[in-house]
1. Given the condition outside any helix (DSSP H, G or I) and more than 30 Å from residue 178 (Cβ to Cβ), answer yes or no: does some residue in segment 83-90 qualify?
2. Kindly indicate which of 167, 131 is away from the ligand (no atom under 16 Å from the Cβ) and over 19 Å from the mean Cα position of the chain (by Cα).
3. I need a count of the residues in segment 148-166 that are buried (at least 18 other Cβ atoms within 10 Å of the Cβ) and assigned to a helix (DSSP H, G or I).
4. Residues in segment 347-384 that are surrounded by 21 or more Cβ atoms within 10 Å (Cβ to Cβ) and touching a strand residue (DSSP E or B) at 6+ places or on another chain (Cβ under 7 Å): how many?
5. Any idea which of 85, 138 is under 19 Å from the mean Cα position of the chain (by Cα) and under 17 Å from residue 228 (Cβ atoms)?
6. Among the residues in segment 316-331, are any modelled with pLDDT of 95 or more, buried (at least 19 other Cβ atoms within 10 Å of the Cβ), touching a helix residue (DSSP H, G or I) at 6+ places or on another chain (Cβ under 8 Å) and not in a loop (DSSP other than H, G, I, E, B)?
7. If I go through segment 345-394 residue by residue, how many of them are part of a helix (DSSP H, G or I) and either within 18 Å of residue 145 (Cα to Cα) or more than 11 Å from the ligand (Cβ to nearest atom) (or both)?
8. Which count do you get for residues in segment 59-80 that are away from the ligand (no atom under 14 Å from the Cβ), within 20 Å of the chain's Cα centre (by Cα) and either closer than 19 Å to residue 221 by Cβ or not in a helix (DSSP H, G or I) (or both)?
Ligand code: HEM
């Protein structure tokens, strides 16, 4: 007889001072699944991550998290209602399709010189500047500048929309009422901002992504909320993720000086593997979540349709069945799967992967060239959270 979901053990108690990785590793040590206080089932292995990315028997969450939080209207609700990430099947294809061509690997690769130009403007002035706030100096501005360039927002607006993005995105995870209210307010601000961008492009078309997208969606089937939500989705998905990933990767490199020395010595060879390992070791995405659409028995547990399963990235990316010595940060490892799991899988696999990788690689190369002797100034930053985009704390570097 298979076990039922209610037979799955609860998460172990959180022990004060534990890191997210330690907490999740303890849960994984109990067995293949654990249940949280809301009854949501977490799974831990790479096999389970691959399993839930298979849309033949799972589907993406739509408005359920909003409804569970009692939210039935407002800017965040409209965003979740309209964006590709929280849609399935034909609705998802209609929303993603008009952007896929613009984000094709080849087109994005052509942006590399632009990314390099921007890192070369941001990094060299830091040399000799003493203690530098890394998030403000580089990890925040670079992705925000690139997303602004892609959606045609002027550089002068970047600091405003970046701050609103970091706040708005917190409303996508389980959060307090206070955070939800702030997030809704900031999402409202972003909606108005994107509406103005769209109106300007409709009046004055240019040779850019936004004009191309607006051309492709003219005449349907997307409604105005969906048109706006796809552009908002790029801004939201493309800023905080890369910011956290760059900070976490640089932090790990500086905590492993012998590996940072390898990047400094030969950035062309080691920047890309360092990025892949940084994304694995302390992932900026905490978990991926799906509903089951049909009954399925996994490891002796029967999941009926409509079961919510969250697979922890923290444990899947340290799965000993995939990675040798998984708790070791090692830019020379050769056991990364061909497609990096931190970008998800199936129909929702990250649209911005190529851009994110280019930003991370060019940032590392520029840091290696101009700040080879940089060091952490103070405690290393912490990525915190088990779901959606994990929040990154401050990092100061001595330049
Ligand atoms: C290190 C940086 C990044 C990571 C780790 C990351 C990770 C992810 C993951 C895991 C998903 C799938 C979520 C799910 O299946 O539930 C996703 C989706 C998405 N990402 Fe990223 N992302 C990053 C950067 C970016 C950037 C720079 C952009 C945009 C320019 C972007 C745009 C998107 C979009 C539009 C989706 C939705 C795709 C869909 O639903 O079809 N991401 N990302």
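The values are calculated or read from the model by the stated rules, or taken from the named source; none is laboratory data. Remember, it's a predicted structure, so these values are computed and weren't measured experimentally. We place every Cβ from the backbone using ideal geometry, glycine too, and count neighbours over all the protein chains shown.
1. Yes; the residues of segment 83-90 include at least one that is outside any helix (DSSP H, G or I) and more than 30 Å from residue 178 (Cβ to Cβ).
2. 131
3. Total meeting the criteria: 10.
4. Here the count works out to 3.
5. On the way: 138 fails: under 17 Å from residue 228 (Cβ atoms).
Only one candidate passes the filter, namely 85.
6. Yes, some residue in segment 316-331 is modelled with pLDDT of 95 or more, buried (at least 19 other Cβ atoms within 10 Å of the Cβ), touching a helix residue (DSSP H, G or I) at 6+ places or on another chain (Cβ under 8 Å) and not in a loop (DSSP other than H, G, I, E, B).
7. Looking only at that region, the number is 18.
8. The qualifying residues number 1.
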